[in-house]
Structure formats: C-alpha cells, structure tokens
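Here the structure is laid out as structure tokens; the discussion comes afterwards.
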C-alpha cells in the first residue's frame, strides 16, 4: 500500500492521465459554437463562466484561468476515490503526499486501479470504500477544466461545485484535508446562494432549492456529528470486544435513528439513501470529511455579519496552522 515502488507507479499513473486530460481540453468559447454540445449543455458552460466571474470578482477568490476550457471524458467520472478506515475503530487510514501532506483518500483515474488499491487492504483490519467523483481541484498545479461529467449537475449544484473547487485553489492547508473539505463545503454553499440571490433575486428557483439544501445539510450535519461522536466512544468502550456482527448491528441502529427521527424532517431527497445503503467505517468517515460539525463555520460567518469576503480573509489567517479546526473553535467561542 505504501512501498516506494507502488508510489512511483502511482505518480506515473497520475501524471499520464493528467497529461491526457490537459491535451484533450478545448476552449469553452469554441465549444459554445460547436455542434457537439446541445443547448442545455451550453447553458451549463455559460453558468460556469458567470459563477467563476462572481467568485473572483465579488467573493475575493483567487483569479485563475481555471474553468475556461472543457474536457469530454470517456467515462462517467473523472477519478475514483479510495478511502480506508480501521475496521474496529473510527479512525481513517492516511496517505502521505508531497505538498498536501496527509489525506484520508487517494484518487485514481481508472476504477479498476482504485478497486485494486482497496483490495490491497486486509479486510479483517480495514474497511474500504471506492466512489466515482465528477470533479476535483489540482490546487493550482494545473489549469482546471469543466468536465463533461459536471454538466449533469443541476444549476445550484454546478455553481456550488465551481465555488467549492475554487475555494480549494484559493486556500488549502497542508495535512488538514477534513478541515479543507468542510470549509469548502460550507463556504461554497454560502457563495452559491449569494450568486443566485444577486443574479436572479430572492425568488430565484435555484435559490429556493439552495435554501432547502441548506436546511437539510444543517440537519444532517448535526445528526452525523453526534452519531460519529457516539460511535467513536462505543468503539473505545468496547475495545477488543467488537466483532463484525456487533459493528454492523451498531451501524444499523444509527441508520434506524436517521430514518425515524431525521428523514421525516428533510425538505429534499439529498440524503434519502443514508438509511438504507450499506455503510462501514470508511463510508462513515467520508461523511465526517465533508459534513461533520459545520457549526463553527456558521458561527464564524455570523460573526462577520455573513460577509463572505471578510469571513474568507479571516480563514486565510489559518494557512500555516497545524490545527486550524482548533484555532477556529477558539475564535468563535471567544466573546467578540
């Protein structure tokens, strides 16, 4: 999983497919005149341009040539993400990479290779998960393009995605992957709402959908935060006694509480599968990566009177922090 030979092979794989993507990109201006895309797809590309301009011009995100080119993929996803966790402990397996440090996931451009990586883990000791993703950020190392996989998104989801990835390009703290993802999740969502509100007004259908998404995100974040805290304690209290059967039963209890207490209060179908899908520690930690405890970001945003640019300027002060989440928590819990 971590030998030098495997890592060299991984970097060669990544470099080869990244080069293929770069060589296949086309200017969006050209694609808007092309007959290869239908009018709905072209409308999505125009939306990307508007969101990019809004993020850079109004929200203070880093200006770049990102999202001015388009890539037609030969697969439904651009990469496949592997995540792993200890089987009887709510603790992620971490991969180490130059520049970004330790991260709880590893991406491959081909599903088969991701599945082979996951299969390399001892199933008695680790849980694994492989999922396809429609976009990713190269964090400024390369020019990011709009991918054909992104054009399937609804307008509000596409706008949020562009802002989410641009936030990563603007601020990424080494060895703080979960903090980076939660920051981009929260601020990307807030930026998206501002975009539609300013472009279309308070009665925008996309804004109304976004507000329902926000309500559900807050509800689910509160639920999963408490459940993961409780599950972590359960593992600690039963150390050495947990079996696959008792773990699965405990996770089923978690899902049952969601179905009974949370799902009826949801306004959208965004989390409909949570109560029925097959879960393990790796999948649960994926939820932790993106949606665990967004409350501190909400408190920070409120402290700056929901001013996106000012909030983000403060977040930039965390760039060199080893424990940015603790710094944020200390700030938002200190009286202003």
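Kindly indicate whether any position in region 112-128 is in contact with a helix residue (DSSP H, G or I) (Cβ under 6 Å, 6 or more places away or on another chain) and either buried (at least 21 other Cβ atoms within 10 Å of the Cβ) or under 27 Å from residue 313 (Cβ atoms) (or both).
Yes: region 112-128 contains one or more residues that are in contact with a helix residue (DSSP H, G or I) (Cβ under 6 Å, 6 or more places away or on another chain) and either buried (at least 21 other Cβ atoms within 10 Å of the Cβ) or under 27 Å from residue 313 (Cβ atoms) (or both).
Would you say residue 322 is at pLDDT below 95, under 22 Å from the mean Cα position of the chain (by Cα) and surrounded by fewer than 16 Cβ atoms within 10 Å (Cβ to Cβ)?
Numbers: at pLDDT below 95: yes; under 22 Å from the mean Cα position of the chain (by Cα): yes; surrounded by fewer than 16 Cβ atoms within 10 Å (Cβ to Cβ): yes.
Taking the combined requirement at face value, the residue satisfies it.
Among (1) touching a residue at least 60 places away in the same chain (Cβ under 8 Å); (2) within 21 Å of the chain's Cα centre (by Cα), there is one condition residue 273 misses while meeting the rest; what is its number?
The failed condition is (1).
Residue under question is residue 209, and the condition is that it be assigned to a helix (DSSP H, G or I), under 24 Å from residue 55 (Cβ atoms) and touching a strand residue (DSSP E or B) at 6+ places or on another chain (Cβ under 9 Å); does it hold? Can you show your working first?
Working: assigned to a helix (DSSP H, G or I): yes; under 24 Å from residue 55 (Cβ atoms): yes; touching a strand residue (DSSP E or B) at 6+ places or on another chain (Cβ under 9 Å): no.
No, not satisfied.
Out of the strands (runs of 3 or more DSSP E) lying entirely within region 74-166, which hold 1 or more residues that are touching a strand residue (DSSP E or B) at 6+ places or on another chain (Cβ under 6 Å) and under 30 Å from residue 237 (Cβ atoms)? Break it down into steps so the answer makes sense when it comes.
Values: elements: 79-86, 95-97, 101-103, 106-108, 126-133.
Counting at least 1 such residues, we get 79-86, 95-97, 101-103, 126-133.
Sort out which residues of region 35-61 are more than 14 Å from residue 195 (Cα to Cα), part of a helix (DSSP H, G or I) and either at pLDDT below 95 or in contact with a helix residue (DSSP H, G or I) (Cβ under 7 Å, 6 or more places away or on another chain) (or both), and write them in order of number.
41, 44, 45
Quick test of your reading of the structure: residue 202 fulfils all but one of (1) more than 22 Å from the chain's Cα centre (by Cα); (2) within 23 Å of residue 55 (Cβ to Cβ); (3) outside any loop (DSSP other than H, G, I, E, B). Name the failing condition by number.
Of (1) more than 22 Å from the chain's Cα centre (by Cα); (2) within 23 Å of residue 55 (Cβ to Cβ); (3) outside any loop (DSSP other than H, G, I, E, B), only one is false for residue 202: (3).
Return the residue satisfying two criteria in turn: it lies in region 76-86 and is crowded, with 21+ Cβ neighbours inside 10 Å and in contact with a helix residue (DSSP H, G or I) (Cβ under 7 Å, 6 or more places away or on another chain), and of such residues it is farthest from residue 108 (Cα to Cα). Write out each step before concluding.
Taking region 76-86 first, the residues crowded, with 21+ Cβ neighbours inside 10 Å are 78-80, 82-85.
Going one step further and asking which of them are in contact with a helix residue (DSSP H, G or I) (Cβ under 7 Å, 6 or more places away or on another chain), we end up with 78, 80, 82-85.
Working: 78: 9, 80: 5, 82: 8, 83: 12, 84: 14, 85: 18 Å.
In this case the residue turns out to be 85.
The values are calculated or read from the model by the stated rules, or taken from the named source; none is laboratory data. Everything numeric in this text was worked out from a predicted model, so none of it was measured. Positions of Cβ are generated from backbone atoms using ideal geometry, with glycine treated the same way; all protein chains shown enter the neighbour counts.
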